[in-house]
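Here is the structure we will look at.
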Amino acid sequence: MSSPSSGFVVEPAKNVAVHGEYDVVVIGGGPSGIAAAASAARNGARTLLIESYGFLGGMGTAGGVTNLAGLYGIRNGVMQQLVHGVVDELMERIEWLGGLNQPQDGMQGRIRVRSYDISAYKCAADALLLEHGVELLFHAQARAVSLADGRMDSLLVETKSGRKAIRARAFIDCTGDGDVAAQAGVPFEVGDGQGSGLFPTTMFRVGNVDAASALAAIGDFKAINDYMRQAQERHPGRYVFPRDGAIVRPQLNPTEWRVNVTQIKNAQGKAMNGVDAVELSQGEIEGRRQIASYFEFLRAEVPGFANSYIIEIAPQVGIRETRRICGLYQLSRDDIENSARFEDTVGINAWPMEMHQDGRVDWVFPKSAQRAYNDLPWRMLVPLGISNLLVAGRCASATHEGQSAARASGGCFVMGQAAGTAAAMFKDTPFAEISVPALQQRLIADGAYIER
Ligand SMILES: Cc1cc2nc3c(=O)[nH]c(=O)nc-3n(C[C@H](O)[C@H](O)[C@H](O)COP(=O)(O)OP(=O)(O)OC[C@H]3O[C@@H](n4cnc5c(N)ncnc54)[C@H](O)[C@@H]3O)c2cc1C
């Protein structure tokens, strides 16, 4: 019951059917969740992955990212792949489906990325997890938890067949937003701590591009920015761009290009809050409005795009940063800039800081040209307060600036693999007390790269 003026309704208590009991439950099927679930299952855990969409990939598919970053970095002056493990298995399967592009360099040779086709990624991720024996529960949203003695006892999920309870020995929050950790009472930070954060972007792809003309005009990473500037000078007032510069890059088939240019603000002009239902709703509409406007510029002003069309606007606005949980260690700007090394490393982050600020993107690279990457420590996956919960991916423990680097897919695969492997290996030990050397040994045996 509730009084009409209280603003609250009391939800009646009810018994919830138990869907199942597992060793490990992974919530969220983005890069970190895929790696976590595959690793837990291959290490013998009965594993369930819960995902609110009907497919895997997270921002990589639902957010239309279509591009793997952070796998390659400069070591001893040479660009090379430094993130290995589950991601190799995934890339093999995407490649087998004809959906993986060759590595592409950018930013004066300081970054190397690989684009992919979304449908191939979805199929490859299904196959990978099923081969490892992971059970998948799609169209299910984690909404609440039940706790006992500083542990998570069960998770409550909303499904088309009603609310279900799921029990497990260990849980891994890979929701990107720290949804489960927040429900469990783990402390967290949001964005930059001043009401803003990394600005979101709705991604889109265009097709039927004249590949030769487009490559000649904007094949270079930064050339699109000159076209934007020149168009504004030629036609004052006609084009209003959401931010300075854009990323417009060819996919495997160069008649198809992905466009990363929109920037979604809230009514206060701050970064849209990706865990606010009303802002999210308004942001979806604003993203599509900006896309329609930018597409007009592409067709009119950029060689090769005159006859192009919009193949797809991503199913959801792409969220870079929301909650970052507080864990045993917070990865920081200093760690990225100074190529930090950690005793408890579980792998490499090879992506620079990529700060999506109001109207622009700021890049900050490591100072070292020899070791232009940093270790990711185990402690950033271990949240304060709940002994059988791990948090991996973009909601792991980092500062606003540290997260702007570690959030790239490369780092998320690393964190997920470490979390899934540990959850399978350490059955009765609180995660804050596990043997990290034993975990490192297992990760290496499973193909991950850890620099000693
Ligand atoms: C616009 C944009 C461009 C980017 N460009 C690149 C790029 O070029 N290269 C690159 O490598 N990275 C890029 N990134 C970053 C990268 O894609 C993400 O940071 C990365 O996907 C994060 O992985 P994750 O597993 O932590 O979370 P996510 O990818 O966000 O996945 C989380 C998953 O959890 C699910 N989920 C969330 N809440 C719940 C819940 N309560 N219950 C059940 N399921 C839930 C979601 O549906 C989603 O599938 C970009 C990001 C954005 C937004």
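FYI, it's all coordinate maths here, none of it is from the lab. Here the structure is a predicted model, which is why all the values come from computation and not from measurement. Neighbour counts are summed over all protein chains in view; Cβ atoms, including those assigned to glycine, are modelled from backbone coordinates with ideal geometry.
Counting other beta carbons within 10 Å of each residue's own, what order do 319, 34 fall into, fewest first? All intermediate terms of the calculation are to be shown ahead of the outcome.
On the way: 319 27, 34 35.
Result, fewest neighbours first: 319, 34.
In straight-distance terms, cross-link reach from residue 122 covers every one of the aspartates and glutamates whose alpha-carbon lies under 18 Å from its own, apart from those fewer than eight places away in the same chain; here that gives 51, 88, 89, 92, 95, 131, 135, 312.
The C-alpha atoms of the chain define a longest principal axis, and helix 436-445 lies at about 60 degrees to it. Taking other Cβ atoms within 10 Å as a rough exposure proxy, 234, 114 sort from fewest to most as 234, 114. Modelled label positions at residue 107 and residue 119, each set 7 Å beyond Cα in the direction of Cβ, lie 3.2 nm from each other. Ignoring lysines fewer than eight residues from residue 367 along the same chain, the ones with Cα atoms less than 26 angstrom from its Cα are 222.
Computed over the chain, the per-residue total of -39500 (n - 2.57) for DSSP H runs of n ≥ 4 gives a 222 nm mean residue ellipticity of -8500 deg cm²/dmol, rounded to 500. The amide H of residue 346, built 1.01 Å from its N in the peptide plane, has 376, 378 as neighbours under 5 Å, considering only residues 5 or more places off or on other chains. Across the alpha-carbon set of segment 9-83, the Rg to Rh ratio works out to 1.18, Rh being the Kirkwood radius.
P(r) tail for segment 30-147, what percent of Cα pairs lie past 26 Å? Show your work: numbers first, answer last.
Numbers: 1713 of 6903 pairs.
Considering segment 30-147, 25 percent of its Cα-Cα pairs are separated by more than 26 Å.
Proximity of backbone amide H atoms, modeled 1.01 Å from N, is registered between residue 22 and 167, 168, 169 at under 5 Å, excluding neighbours fewer than 5 places apart on the same chain. Here the Karplus curve 6.51 cos²θ - 1.76 cosθ + 1.60, taken at θ = phi - 60°, turns the phi angles of segment 320-336 into couplings of 8, 8, 10, 6, 10, 6, 8, x, 5, 8, 10, 5, 10, 4, 4, 4, 6 Hz, with x standing for Gly and Pro. With the charge dipole of segment 204-313 set up from +1 on Lys and Arg Cβ and -1 on Asp and Glu Cβ about the Cα centre, the Cα lying farthest toward the positive end among the listed residues 293, 239, 311 is that of 239. Relative contact order, whole percent, for segment 204-313 stands at 40, derived from Cα pairs under 8 Å and 6 or more residues apart.
Full extension of the chain segment joining residue 311 with residue 239 gains 23.7 nm, where the gain is 0.36 nm per residue of separation less the Cα-Cα distance.
How far, in degrees from 0 to 90, does helix 118-131 lean away from the longest principal axis of the Cα atoms of the chain, to the nearest 10? Taking Cα atoms only, the helix is inclined about 20 degrees. Centre-to-centre separation between the Cα atoms of segment 385-413 and those of segment 215-234: 35 Å. Quarter the surface of the alpha carbon convex hull of the chain and you get the mean projected area, 22.3 square nanometres.
Give me, ordered by chain and number, the residues 5 or more places off residue 329 or on other chains with an amide H under 5 Å from its own placed amide H. Those lying under 5 Å, H to H, from residue 329 are 380, 382.
Can you compute the FRET efficiency between residue 13 and residue 167 using 1/(1 + (r/R0)^6), with r the Cβ-Cβ distance and R0 = 22 Å? Round to the nearest 0.05. If you can, show how the numbers build up before the last one.
On the way: r = 19 Å, r/R0 = 0.86.
Once rounded, the FRET efficiency stands at 0.70.
Mean sequence separation of contacting Cα pairs (under 8 Å, at least six apart), scaled by the length of the chain, corresponds to a relative contact order of 23 percent.
Sum up the charges of everything whose Cβ sits under 14 Å from the Cβ of residue 124, counting Lys and Arg as +1 and Asp and Glu as -1, but leave residue 124 out. Let's see the in-between values first.
Numbers: positive: 93, 114, 122; negative: 88, 89, 92, 95, 117, 126, 131.
Combined, the nearby Lys, Arg, Asp and Glu give -4.
Packing here is the average count of other Cβ atoms within 10 Å per residue, and on that basis the peptides 58-67, 287-296, 165-174, highest first, run 165-174, 58-67, 287-296.
Could you put 386, 444 in order, starting from the residue whose Cβ has the fewest other Cβ atoms within 10 Å?
Values: 386 25, 444 15.
Sorted ascending by nearby Cβ count, the order is 444, 386.
The distance separating the Cα centre of segment 280-321 from that of segment 65-108 comes to 26 Å. Cross-link partners of residue 427 among lysines, defined as those whose alpha carbon lies under 28 angstrom from its own and excluding same-chain residues fewer than eight positions apart: 164. Length available on full extension from residue 435 to residue 253: 0.36 nm per residue minus the Cα-Cα distance, which gives 60.9 nm.
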